[in-house]
Amino acid sequence: MQGKLISFEPKIYNGVQETFAGSKGTLYKFNVTMEYDGKQETGVYSSTKQSPSWKVGEEYTFEKSVGGQQGQFINYKNMKSLDSQQS
């Protein structure tokens, strides 16, 4: 998929950013809003960086998965900037 990054912020629970231990070490969870196909959608992205270098307004390719009985759990992964791919 391809879309524009509208916003991102740390996913906070009890005043602390959510993390979990992944195969690449500690992963930090973020609420990420993407715009694609004329709509905006918010999901969760897990990053190895506590401060990712994503840029709001920039175009990215990404993978999306949806879970839950009503499709209420959206997860993004493999976000790659189109600008950096063209360099």
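The values are calculated or read from the model by the stated rules, or taken from the named source; none is laboratory data. Just so we're clear, the structure is a prediction, and the values are computed from it rather than from any experiment. When we count neighbours, we look across all protein chains shown, and the Cβ atoms used for this are built from the backbone with ideal geometry, even at glycine. Note: areas computed on protein heavy atoms with side chains; ligands, DNA, RNA excluded. Shrake-Rupley method; radii C 1.70, N 1.55, O 1.52, S 1.80 Å.
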Review point. In whole percent, what relative contact order does the chain give with Cα contacts below 8 Å and a gap of six or more residues?
Key: 28 percent
Review point. Where does each of ILE12, ILE6 land when they are ordered by accessible area, with a 1.4 Å probe and the largest first?
Key: ILE12, ILE6
Check your understanding: Which value in Å does the Kirkwood hydrodynamic radius of region 1-79 take, with 1/r averaged over all unlike C-alpha pairs and then inverted?
Key -> 13.1 Å
Point to revise | Listed residues PHE8, GLN50, GLY38: farthest to the positive end of the dipole of the chain (Cβ charges) | key: GLN50
Check your understanding: What longest range of the chain stays clear of loop-exposed trypsin sites (Lys or Arg not before Pro) (DSSP non-H/G/I/E/B, at most 13 other C-beta within 10 angstrom)?
Key -> 56-87
Study note, to complete from the structure: The ³J(HN,Hα) series, computed from each phi in region 59-64 with the Karplus coefficients 6.51, -1.76 and 1.60 at θ = phi - 60°, rounded to the nearest Hz and given as x for glycine or proline, is 8, 9, 9, 6, 10, 10
Check your understanding: Using a Gaussian network for the chain with springs between C-alpha atoms less than 10 Å apart, which of these wobbles most: GLN50, GLN72, GLN40?
Key -> GLN72
